[in-house]
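Before any comments, here is the structure.
The values are calculated or read from the model by the stated rules, or taken from the named source; none is laboratory data. Note that this is a predicted model, so its numbers are computed, not measured. Note that each Cβ is placed from the backbone with ideal geometry, even for glycine, and that neighbours are counted across all protein chains shown. Each accessible area value is taken on the protein alone, full model and side chains, heavy atoms only, with ligands, DNA and RNA left out. Shrake-Rupley method; radii C 1.70, N 1.55, O 1.52, S 1.80 Å.
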Amino acid sequence: MAQPKLPEGVFSFLDTDLYKLTMQCAILKYFPSVDVEYKFTNRTPQMRLDLEAVAWLREQIAKLGNITLEQQELQFLRKHCPYLTADYLEYLQKFQLRPNEQVHLEFKPVDGPYGDLHITVSGLWVETILYEIPLLALTSQAYFKFIDRDWDYDGQEEQAYEKGVRLFSAGCVVSEFGSRRRRDFHSQDLVIKGLVRASHEKDLPGKLSGTSNVYFAMKYSIPPVGTVAHEWYMGIAALTGDYEHANENGLRYWLDCFGKGVLGIALTDTFGTPDFFKAFKKRIPARTSASRDNSTGYTDESHPATDQPSYAEVFAGIRQDSGDPKEYIKNADAFYKSIGVANKSIVFSDALNVEKCIEYRALAEASGFKPSFGVGTFFTNDYKHKSNPETKSKPMNIVIKLSKAGGRPAIKLSDNIGKNTGDEETVIDVKRRLGYTEKEWRGGDESKRW
């Protein structure tokens with residue numbers, strides 16, 4: 001079947017992961033004048049674009065400046081994302097990206113017509129936060145539109161349906177997380193269509209809990225799913241220079257913005273999960289109103305009260321996004337037992353497939369957790385070569401990470417050395433300050449993830 005002619009590129013602010021909107025909402029409240037920088041990294045550097053692909057990519061990036069929030073999109077956000085503040089929704093209605101000013105793309109030839117792509121995004125944090133997902137999705141699409149063309153859409157919806165049936169039959173609660181490394185928009189559309197169809201099968205103990213992509217949540221009438229990303233903690237840490245309290249500050253801001261019981265899955269591995277748990281067990285201050293000090297970070301005069309719950313009690317659960325998931329379950333179990341807390345959720349979201357979801361579900365439930373799974377690239381970029389169906393058409397492993405906030409380096413340490421990012425001197429300094437222990441996991445080779 002020939003590939004259908006479809007709208008190209010990204011044409012909606014909602015064609016992004018929900019946590020970009022929730023973070024933009026919080027940034028507007030607390031850090032509206034903070035400048036940041038983001039940098040692109042290709043973890044599969046042998047997979048390069050050529051001049052034709054880059055020209056197309058430049059054209060699509062320029063078109064991002066034409067996007068505005070549609071009325072039906074605003075109505076969807078008001079109804080289905082009530083935690084987004086009125087001030088934020090008013091801001092988003094008037095908001096437009098300025099890619100000609102904010103995105104710098106450089107192409108350096110390396111091997112004949114092929115070369116390395118360098119992308120830097122800079123500007124106000126509250127504005128530039130919406131570039132990451134579109135830029136990654138467009139870069140992936142450029143590669144598979146111009147470089148690896150040996151594939152088609154045949155069987156993609158059915159493949160997603162079959163994966164969904166296997167997962168739901170095994171009792172797995174699953175969300176689709178595949179926006180950033182999708183083959184293209186149509187690929188993600190087919191996948192969600194297949195998953196929705198699988199979710200309608202009768203008597204399956206698992207379910208489709210939603211998608212991180214807000215546009216497709218609107219299109220298919222399924223929940224938009226997501227909370228927060230690493231850049232929230234990275235940015236706050238860089239602004240304050242206070243890495244010892246970065247996790248706690250991030251948690252306090254989050255609760256102050258959205259309230260208890262809302263957007264309650266905490267991401268643990270920005271500076272290593274052991275350091276996060278130190279903050280997570282602390283009691284929440286009786287008053288959590290944060291100031292708008294955009295340079296020094298969180299300041300208020302509240303003090304923890306003995307009758308206040310801990311962050312771990314208030315948050316519904318945690319998300320595992322790096323390192324060995326089996327070790328994570330053991331460590332999380334020990335942590336929650338040490339503070340007398342039970343019946344919490346773990347969301348697994350790192351390079352998953354059907355077999356891993358089924359395995360981690362059993363292990364997590366055996367330890368008393370409620371597991372769920374955010375499955376990304378395995379859904380939206382799982383193709384075989386058309387000329388040789390036995391050969392996988394390999395996805396790109398690409399990321400865009402916050403590199404500076406307020407003029408200071410922003411870093412991420414993770415639970416696996418392969419995912420550490422940022423200024424080397426700052427990484428070394430923060431490791432020393434936090435007592436961070438380097439970890440390697442044999443399943444964590446970032447060049448061979450899928």
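Couple of notes before you dig in:
- Of all residues in the stretch 342-361 being out of contact with any strand residue (DSSP E or B) (no Cβ under 9 Å at 6 or more places or on another chain) and surrounded by fewer than 17 Cβ atoms within 10 Å (Cβ to Cβ), the one that is farthest from ASN213 (Cα to Cα): ALA342
- Condition check for ALA160: more than 30 Å from GLY261 (Cβ to Cβ), at pLDDT 95 or above and among the small types (Gly, Ala, Ser): yes
- Cβ separations smaller than 7 Å between residues 6+ apart or across chains give the following pairs from the stretch 252-263 residues that are buried (at least 22 other Cβ atoms within 10 Å of the Cβ) to residues that are charged (D, E, K, R): CYS257/LYS29.
- Selection of first residues in the stretch 365-394 that are open to solvent by 10 Å² or more (accessible area, probe 1.4 Å) and of second residues that are assigned to a helix (DSSP H, G or I) and of a type in the set (Asp, Glu), restricted to Cβ pairs under 9 Å at least 6 apart or on distinct chains, gives the following pairs, ordered by first then second residue: SER367/ASP333; GLY368/ASP333; PHE369/ASP333; PRO371/GLU365.
- Inside the stretch 398-424, residues that are modelled with pLDDT under 95 and outside any strand (DSSP E or B) make up a count of 11.
- Residue in the stretch 174-190 that is farther than 30 Å from GLN141 by Cα, in contact with a strand residue (DSSP E or B) (Cβ under 6 Å, 6 or more places away or on another chain) and not hydroxyl-bearing (Ser, Thr, Tyr) present: no
Yes or no, residue by residue, for (1) part of a helix (DSSP H, G or I); (2) open to solvent by 10 Å² or more (accessible area, probe 1.4 Å); (3) within 16 Å of VAL126 (Cα to Cα):
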| site | (1), (2), (3) |
| --- | --- |
| SER12 | no, no, no |
| LYS20 | yes, no, yes |
| GLU37 | no, yes, yes |
| PHE40 | no, yes, no |
| GLN60 | yes, no, no |
| LEU74 | yes, no, no |
| ARG78 | yes, yes, no |
| ASP87 | yes, yes, yes |
| GLN93 | yes, yes, yes |
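- Assessment of the stretch 96-103 against the conditions (farther than 26 Å from THR227 by Cβ and part of a strand (DSSP E or B)) yields at least one matching residue.
- Looking only at the stretch 212-233, and only at residues there that are free of Cβ contacts under 8 Å to residues at least 40 places away in the same chain and of a type in the set (Phe, Trp, Tyr), the one that is least open to solvent (accessible area, probe 1.4 Å): TYR233
- Selection over the stretch 109-161 of residues that are on the phi > 0 side of the Ramachandran plot and polar (S, T, N, Q) gives a count of 0.
- Number of the exception - LEU97 against (1) surrounded by 15 or more Cβ atoms within 10 Å (Cβ to Cβ); (2) under 21 Å from GLY422 (Cα atoms): (2)
- Test result for LEU28, open to solvent by 20 Å² or more (accessible area, probe 1.4 Å), within 20 Å of the chain's Cα centre (by Cα) and over 26 Å from GLY178 (Cβ atoms): yes
- Selection count, the stretch 325-360, where residues are on the phi > 0 side of the Ramachandran plot and more than 22 Å from the chain's Cα centre (by Cα): 2
- Helices (runs of 4 or more DSSP H) fully within the stretch 106-211 counting 2 or more residues that are open to solvent by 40 Å² or more (accessible area, probe 1.4 Å) and not assigned by the TED database to the domain that holds TRP56: 156-169, 185-199
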